[in-house]
Amino acid sequence: MKFKLEYIWLDGYEPVPNLRSKTKIVDFETEPTLDQLPLWNFDGSSTRQADGSSSDCFLQPVALFPDPARNRGHLVMCEVLLPDGTPHPSNSRAAIADDPDAWFGFEQEYFLYKDGSPLGFPKEGFPAPQGEYYTGVGFKNMGDVGRQIVDEHIDLCIEAGIAIEGVNAEVAKGQWEFQIFGKGAKRAADELWIARYLMLRLCERYGVDVNFHPKPLGVDVDWNGSGLHTNFSTKHMREIGGEEYFTALMSAFSEARDEHIACYGPENDLRLTGLHETAAIDDFTYGLADRGASIRIPHSFVNSGHRGYLEDRRPNSMADPYRITGRILQTIESVTAQALIEDAFAA
């Protein structure tokens, strides 16, 4: 029985990789499993991952999803390898630590664009100011095709087995958000990349582009940018936590501010201005239910004895989720390791 395997990977473009894919037709007696999928190669000279004189790069399948748009189809998230089997320098997934007990929730904001402008914008100038678009209803706020695309994307994600948690229209006209949840740094990021892929592929049918730029309308106008707010927790945060641990965690995040910003997407200075529900890029702040802080603390976190999850609002909509989850885990683990040592001595 022939199956259509869509091998998907990140190319070598900087500062933001693009999604690439190609289809492999393979015979299996039954539905294939991840460990049955073959290594495959591609022309890295066409993706900024190799020179033409030695252009072979290899695709190692790392996650498998049903392809809801194809009969007997599967979506195959891949890591890029060099010919010797080692990770390619562009392979951000291979470079991060993982923890299956670390949970991540991504809030992916984006604009839908048609003919160079957000959906619903007039040919010249701007529509009515921000106000009624967020979670809005009605043609004057939502237009027509935007909601249709978003609803179809929900169905595609569900059928692909992706843990999509919700969607909503966002603050600016033509701006939307979907939320993805995952357990483990790599798995959560895999699911977000596949959700992005499904949105991009869906929009091909509508002649619409997905604009992930964090400030596509520029900084000189009063329109919100797009973020990739990242909710995170570890087993220690959920089950032990405590105010002292939280304070140490925020101190570690503050000390690693530059390292986090470096992983949180390019051109973030255009978005993190201290306006439009953001903290300034050079600051590190945290606050209870504060959407203008670097880290938003949910009421549930404080009410549960400083246990649960936190939201890092700094990552932008173009950011690579592998780099985000890897950096957050690195900072958390430095604090958690110290807390465990202190607990051991106290006992």
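The values are calculated or read from the model by the stated rules, or taken from the named source; none is laboratory data. Model, not experiment: these values are computed from the prediction. Cβ sites come from the backbone with ideal geometry, for glycine too, and all protein chains shown count toward neighbours. These accessible areas exclude ligands, DNA and RNA; they are computed on the full protein's heavy atoms, side chains included. Shrake-Rupley method; radii C 1.70, N 1.55, O 1.52, S 1.80 Å.
Points to keep in mind about this one:
- The alpha-carbon positions of region 187-326 define a convex hull whose volume is 116 Å³ per residue.
- Element breakdown for region 17-173 at a 1.4 angstrom probe: carbon and sulfur atoms account for 49% of the accessible area.
- Under the convention that each Lys and Arg Cβ holds +1 and each Asp and Glu Cβ holds -1, the size of the dipole of the chain around its Cα centre is about 720 debye.
- A protection proxy built from the mean count of other Cβ atoms within 10 Å ranks the segments 289-299, 34-44, 169-179, 124-134, most packed first, as 169-179, 289-299, 34-44, 124-134.
- Counting protein heavy atoms only, region 257-332 has 46 percent of its accessible area on carbon and sulfur, 1.4 angstrom probe.
- Label-point separation, Val16 to Ala163 (7 Å along Cα→Cβ), nm: 2.6
- Rounded if a/c under 1.5, otherwise prolate or oblate - the chain, Cα gyration tensor axes: oblate
- Per residue accessible area of region 167-299, 1.4 Å probe, in Å²: 38
- In terms of its C-alpha gyration tensor, region 142-181 has an oblate overall shape, because the principal axis ratio a/c (a ≥ b ≥ c, square roots of the eigenvalues) is not below 1.5 and a/b does not outweigh b/c.
- Residue-normalised accessible area of region 57-131, expressed per residue, 1.4 Å probe, Å²: 46
- Residue order by solvent-accessible surface for Phe181, Phe212 is Phe181, Phe212, largest first, with ligands and nucleic acids left out and a 1.4 Å probe.
- Site pair Ser254 and Thr33 shows an inter-label distance of 5.0 nm when each label is modelled 7 Å from Cα along Cα→Cβ.
- Inter-probe distance in nm under a simple model that places probes 7 Å from Cα toward Cβ, at Phe139 and Glu243: 5.6
- Only helices enter the 222 nm calculation for the chain: every DSSP H run of n ≥ 4 contributes -39,500 (n - 2.57), and dividing by all residues gives -8500 deg cm²/dmol, rounded to 500.
- Cubic angstrom per residue, convex hull over Cα atoms of region 81-157: 211
- Note on Asp101 and Glu204: with the Förster distance fixed at 35 Å, the Cβ-Cβ geometry gives a FRET efficiency of about 0.40.
- Straight Cα distances below 16 angstrom link Lys235 to the lysines Lys183, with same-chain residues fewer than 8 positions distant left out.
- Computed magnitude of the charge dipole of region 238-345 (debye, nearest 20; Cβ of K, R +1, Cβ of D, E -1): 340
- In Å², nearest 10: area of Thr23 left accessible to a 1.4 Å probe: 50
- Listed residue pairs exceeding 20 Å between alpha carbons, taken from Lys140/Lys173; Lys24/Lys186; Lys114/Lys173; Lys123/Lys173: Lys24/Lys186
- Whole-angstrom gap from region 40-91 to region 116-157, using each part's C-alpha centre: 35
- Region 1-116 shape via C-alpha gyration tensor axes, a/c threshold 1.5: rounded
- For the chain, the share of DSSP beta bridges that are antiparallel, to the nearest 5, is 85%.
- Top of Pro122, Pro315, Pro17 by mean-square fluctuation, Gaussian network on the chain, Cα under 10 Å: Pro122
- Surface accessible to a 1.4 Å probe, Lys24 within the full protein complex, Å²: 50
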